[in-house]
Amino acid sequence: MTSVHSGARAPITWSVLASAVLVLAAALGVYLAVSWVFSPGGRLFSAGRPDFFYLADAFLHGRTWIDLPAGTWDAVIVDGRAFVPFAPGPAFVLLPLVAAVGPALAASWEPVVNALLAATGVALCWVLAARVGVARRSDRIWVVVLFGFGTATWWVATRGGVWHTAQLATSILTLWGLIESFGRRRPLLLGLLAGAAFLCRAPLVFALPFWAWVVWPRQGETGWDGGRHPSVLRRWILLAVGFLPAGLFALWYNDVRFGSPVESGYALAALPAFLEAQRAKGLFSPAHLGMNIDYLFLKLPTFISSFPFIKPDWFGMSVLFTSPGLLLAVRADWRDRTSWALLGAALLVLVPSLLYYGGGWLQFGYRYFLDSIPFVMALVALAAARVGVGWVWRGLIAFSVAVNLASVYWVYHS
């Protein structure tokens with residue numbers, strides 16, 4: 001039986017890193033080219049809500065609020081100041097760009113920035129596939145095509161806006177953590193990555209049990225001091241130390257804005273009436289479980305006679321229809337504890353979204369599942385390393401790409 005505890009997988013060579021750069025460039029080119037083809041007049045889509053760019057500028061000037069028109073949905077207005085309820089991590093990612101060119105110009109580049117973030121995730125998926133032992137280049141290509149173009153990653157990158165940029169940044173951080181998990185498994189680095197992911201998307205805090213499992217000492221491992229059997233407590237302390245800055249910042253950030261370290265602003269954000277009614281049942285509640293399961297697994301699009309032949313239900317669409325290629329994950333080795341740990345992480349991260357009132361709103365698939373997809377992609381890569389990507393799986397990946405290509409079309413024609 002193999003597991004993370006039995007040792008590192010394939011080393012990451014300079015060849016893998018060089019090819020990852022090419023993958024990044026190719027993915028970025030596809031994202032921008034397809035958007036340009038579908039966009040009326042060749043103008044890339046603007047969601048009109050580049051909140052994180054302006055939040056980055058606010059941080060640079062020692063503020064926690066930004067300027068937004070009164071009545072803007074998904075914002076919290078207190079004493080004329082607009083606060084962004086979403087986790088602030090993406091604003092830190094954007095700090096260098098905003099500091100260099102200013103928030104207005106940086107915000108005008110949002111479609112390119114999001115495409116670059118998505119393409120970076122695709123490149124990291126390539127490295128992860130190599131790390132877990134997907135030896136054949138063709139199989140690795142199919143794996144990254146599935147992630148970059150056969151999931152909601154594509155339309156989220158295209159549509160942009162404050163609701164979506166965070167999920168692209170979170171995917172990068174989680175994929176980086178997974179690459180480390182199949183390598184040196186340094187607790188401090190994994191804690192830092194887990195904390196950064198949490199600051200981008202709060203549900204990622206539920207991945208902490210997985211990271212704690214990853215750093216558990218394996219049999220025969222040598223400690224940093226040259227001794228045998230490094231202490232699991234020491235590793236967990238280092239993991240916690242890495243996570244702690246993000247956790248403390250989140251508590252401070254909430255308190256300074258809303259007077260409570262546990263009030264993120266989600267319960268206070270301005271909403272249209274139908275979402276206000278949903279939230280009244282509970283911010284997180286079993287009452288929302290049926291709705292979210294329907295959006296995640298059951299909801300199908302309307303089939304039409306003209307291109308792209310499907311019209312999405314704007315509130316969600318079954319992942320079994322949008323991304324059936326992910327089912328390749330079932331071919332991972334389930335005798336391996338690593339497979340079960342990855343599945344557990346994917347499910348734990350998904351739980352708060354399934355209990356959440358919002359459902360994802362105006363989406364082409366179920367975008368909250370993107371929080372879990374890096375863990376599923378690790379399973380897909382393990383399956384590809386074990387059995388390859390056969391013609392049946394290639395067909396399902398191609399179908400996934402076709403559906404998600406249609407979702408990009410609808411970004412520009414909705």
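Coordinate-derived values only; no laboratory data. On a predicted model such as this, the values are computed, not experimentally measured, just so you know. Cβ sites come from the backbone with ideal geometry, for glycine too, and all protein chains shown count toward neighbours.
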Separation of the A33 and A402 label points, Cα + 7 Å toward Cβ, nm = 2.1
message = Restricting to DSSP H runs of at least four residues, report the calculated mean residue ellipticity at 222 nm for the chain, -39500 (n - 2.57) per run over all residues, nearest 500 deg cm²/dmol.
response = -18000 deg cm²/dmol
message = Can you compute the FRET efficiency between F297 and W109 using 1/(1 + (r/R0)^6), with r the Cβ-Cβ distance and R0 = 30 Å? Round to the nearest 0.05.
response = 0.25
Given (i) 21.0, 68; (ii) 23.3, 78; (iii) 21.9, 67, the label whose value is Rg and Dmax of the Cα atoms in Å derived from this model = (i)
